[in-house]
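Below you'll find the structure, written out as structure tokens, and then a few comments.
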């Protein structure tokens with residue numbers, strides 16, 4: 001299992017490097033411009049990320065409480081043992097909404 005995991009991460013790293021090299025050779029000025037703005041983007045993610053996590057957690061908690069779930073054990077039981085997809089759908093929808101909000105907030 002460890003060997004497969006290492007191969008997977010090596011494959012991801014090689015894919016990333018090849019993508020960056022291709023990007024650089026296709027448009028070197030754009031690539032350099034983006035690399036120049038990258039610290040600003042990383043700083044925005046570091047600032048907004050925790051705030052978005054708190055907002056998403058509040059939305060998920062509120063929605064699940066409104067559906068009658070009192071604890072995470074209730075959510076797990078309902079999702080797994082009762083085969084009800086509602087908690088998973090709410091979580092996924094909130095996650096997508098959080099990512100969209102992050103895309104709106106972070107501008108290079």
Output for the stretch 73-93, where each listed residue is exposed (fewer than 14 other Cβ atoms within 10 Å of the Cβ) and in contact with a helix residue (DSSP H, G or I) (Cβ under 9 Å, 6 or more places away or on another chain): 76, 85, 88, 93
Of the residues 87, 39, only one is at pLDDT 90 or above and under 25 Å from residue 101 (Cβ atoms); which? 39
Checklist (1) under 18 Å from the mean Cα position of the chain (by Cα); (2) free of Cβ contacts under 8 Å to residues at least 60 places away in the same chain; (3) within 25 Å of residue 105 (Cα to Cα) applied to residue 12, failing item: (3)
Which members of the stretch 15-27 meet the condition of being out of contact with any helix residue (DSSP H, G or I) (no Cβ under 7 Å at 6 or more places or on another chain) and under 27 Å from residue 105 (Cα atoms)? 16, 19, 20, 27
Residue 51 meets each of (1) surrounded by 10 or more Cβ atoms within 10 Å (Cβ to Cβ); (2) within 14 Å of the chain's Cα centre (by Cα); (3) at pLDDT below 80 with one exception, condition (3)
In the list 68, 93, which residue meets the criterion of being out of contact with any strand residue (DSSP E or B) (no Cβ under 6 Å at 6 or more places or on another chain), modelled with pLDDT under 85 and not in a helix (DSSP H, G or I)? 68
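The values are calculated or read from the model by the stated rules, or taken from the named source; none is laboratory data. Note that the structure is a prediction, hence the values are computed from the model and not measured. Glycine also receives a Cβ, built like all others from the backbone with ideal geometry; neighbour counts cover every protein chain displayed.
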